[in-house]
Amino acid sequence: MGLTAAEWTVIGLSLRVSLTAVVLTLPVAWLLAWLLARRRFPGRVLLDALVHLPLVVPPVVTGWLLLLLFGRAGPVGGWLEASFGISLVFRWTGAALAAAIMALPLMVRAMRLSIEAVDRRLVEAARTLGASPLRALLTITLPLSAPGIAAGTMLGFARSLGEFGATITFASNIAGETRTLPLAIYTGLQLPGSDGAVARLATISIVLSVAALVASEWLVRRGGNGQAHAL
Amino acid sequence: MRFDVTLRHPFGTLGSGIRLHSDAALCAITGASGTGKTTVAHCIAGLLRPAAGRIVVDGEVLFDSDAGVDLPAHRRRAGYVFQDARLFPHLTVTGNLAYGERLTRAGDGWIGRTEMVDLLGIGHLLDRRPATLSGGEVRRVAIGRALLSAPRFLLLDEPTASLDGARVVALLALIERIRDTLPVPILLISHAAAEVDRLAGHVLELAAAPPASLDSRAPFA
């Protein structure tokens, strides 16, 4: 399959954006998953709803909310610009942020399920052996929920690759900077004579997404054979 | 005084208070199912907070509701051998044994690793995963893991439950040897009268019927 230089740029950009999004979201998602799985605190239900918001709200609306917050005139965006000269709106970092927000709920869900599946009785046993709550978390809960964490990460990566609405609203559609795979396909559809390009990019998009999905399923299956239960 | 425990909490169906005072090497808490034996064990180990009471083991105050003392479980260091063993599935037998051992200070332990492996007869199991062990083997590894964590005391919850005749005999002999050779205080939870009478120097019986106070008795021997 012969890809043009522009198409390679698109693929490279998509991978960079998605990897960045997922790597940065990983610790946040895990912390949220643990909080929701194991802790009781006032506002827990609200936090749960907030985390799931990007799943149900139209992506364009999420993009608009990002603009309000992180745009040049927004509270966070304005501060970033003034203090560090960082602008997210027309940069690949903005595309990564949009992808991260959209991937977060899926990652939190998957991780939360795997943390909940870890038998609490094992954590109790660790405590009686002298492990502090933090040590028990790191030596028992974390390793036993690791397959779920990996699966959630793969799922988040797949979602990031496909992110469109929030990206185009927040980061715009700038070639080489924010024109990820889905945006490139959309742009191609607007231009007459780009059928070949569209077909190639769409195929790659499908292949990448399916590969990530299969990897995610395999990880869940591999880790979920009663491994997390007390014997 | 090895065990000095006074607790007020809803135990089982009708019990609400227990008193256990003894210097015996092995004390037993006995009673039919549902009388709250495991609840008592959880309170002593720090996994459950009783309504009120005082728990002192070997002179150390672990819990005192009047004085506001409540040591968290990982500081009470009850060598709890659970009824369902609870070996860590992601670690080998060696990894399980080392889990608590790793958290001790040198010289703190009751028994060395090699001695303990010999005592329990688990040398041939060291590289195995818990999922591949038999019921009796799991129990022995659990006891080893608890012993190696330099516990303040051993807490055995129905150690012979769901084991067959020969294994029960072997395990009881093992517990006897631990009782007689190591100075670690032992608290045994069991509903099997024969076991309790054989091993315990002091027995607390939990009853479901309502006498207001539940006192300990010395065994007939």
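Computed from the coordinates by the stated procedures, all read-outs in this text should not be read as laboratory data. The shown structure was predicted, so the numbers you read here are calculated from the model rather than taken from an experiment. Neighbour counts are summed over all protein chains in view; Cβ atoms, including those assigned to glycine, are modelled from backbone coordinates with ideal geometry.
With angles folded into 0 to 90 degrees, how steeply does helix B:135-148 sit against the dominant principal axis of chain B? Use alpha carbons for both and round to 10.
That helix lies at roughly 80 degrees to the long axis.
Looking at chain A as a GNM with Cα springs under 10 Å, which of A:112, A:127, A:159 has the largest mean-square fluctuation?
Of A:112, A:127, A:159, the Gaussian network model singles out A:127 as fluctuating most.
Helix by helix, which DSSP H runs in chain A go 15 Å or more along their axis at the Cα atoms and have an average Kyte-Doolittle hydropathy of -1.0 or more?
Details: long enough: A:5-38 (49 Å, 1.46); A:44-56 (18 Å, 1.58); A:59-70 (16 Å, 2.22); A:92-116 (35 Å, 1.19); A:142-161 (28 Å, 1.02); A:195-223 (42 Å, 1.06).
Qualifying helices: A:5-38, A:44-56, A:59-70, A:92-116, A:142-161, A:195-223.
Connecting C-alpha atoms closer than 10 Å in a GNM of chain B, tell me which of B:33, B:190, B:134 has the biggest fluctuation.
Sorting by GNM fluctuation, first place goes to B:134.
Pull up all non-local amide H partners of residue B:155: gap of 5 or more, or a different chain, and H-to-H distance under 5 Å with H placed in the peptide plane.
So residue B:155 has HN proximity to B:79, B:80, B:81, B:187.
Using a cut-off of under 16 Å, list every residue of region A:89-117 whose amide N is near the label point 7 Å from the Cα of residue A:53 along the Cα-to-beta-carbon line.
Output list for this probe position: A:98-106.
Taking a ≥ b ≥ c as the square roots of the eigenvalues of the Cα gyration tensor of region A:77-166, is the shape rounded (a/c under 1.5), prolate (a/b larger than b/c) or oblate? Before the final figure, lay out the partial values.
Working: a/c = 4.58, a/b = 2.02, b/c = 2.26.
In terms of gyration-tensor shape, oblate.
Evaluate E = 1/(1 + (r/R0)^6) for residue A:64 and residue A:39, where r is the Cβ-Cβ distance and R0 equals 35 Å; express this FRET efficiency to the nearest 0.05. Mind showing how you got there, number by number?
Details: r = 32 Å, r/R0 = 0.91.
For R0 = 35 Å, the calculated efficiency reads 0.65.
What shape does region A:1-124 have by the C-alpha gyration tensor, where a ≥ b ≥ c are the square roots of the eigenvalues, rounded means a/c under 1.5, and otherwise prolate means a/b greater than b/c and oblate the rest?
Values: a/c = 2.39, a/b = 1.48, b/c = 1.61.
Verdict is oblate for region A:1-124.
Between residue B:98 and residue A:8, what is the spin-label point distance in nm, taking each point 7 Å from the Cα along the Cα→C-beta axis?
Here the modelled spin labels are 4.8 nm apart.
Rounded to the nearest 500, what is the protein assembly as shown's calculated 222 nm mean residue ellipticity when only DSSP H runs of at least 4 contribute -39500 (n - 2.57) each, over all residues? Don't skip to the answer; put the middle values down first.
Values: 18 runs with 240 residues, N = 452.
The helix contribution divided over the protein assembly as shown gives -17000 deg cm²/dmol.
As I understand it, the value is the acute angle between the Cα axis of helix B:165-181 and the longest principal axis of the Cα atoms of chain B; what does it come to in degrees, rounded to 10?
In chain B, helix B:165-181 runs at an angle near 80 degrees to the longest axis.
Averaged across A:130-140, how many Cβ atoms of other chains sit within 10 Å of each residue's Cβ atom?
On the way: counts 16, 7, 5, 3, 0, 4, 2, 0, 0, 6, 4.
That average works out to 4.
Fewest to most neighbouring Cβ within 10 Å: what's the order for A:178, B:160, B:94? Write down the numbers at each step before the final one.
Values: A:178 24, B:160 20, B:94 16.
Ranking A:178, B:160, B:94 by Cβ neighbours within 10 Å, fewest first, gives B:94, B:160, A:178.
Taking a label point 7 Å from the Cα of residue B:33 along the Cα→Cβ vector, which residues of region B:63-103 have an amide N closer than 17 Å to it?
Answer for region B:63-103: B:83-85.
Using a ≥ b ≥ c from the Cα gyration tensor of region B:128-190 (square roots of the eigenvalues), is it rounded, prolate or oblate, where a/c under 1.5 gives rounded and otherwise the larger of a/b and b/c decides, a/b for prolate?
On the way: a/c = 1.91, a/b = 1.30, b/c = 1.47.
Note, shape of region B:128-190 comes out oblate.
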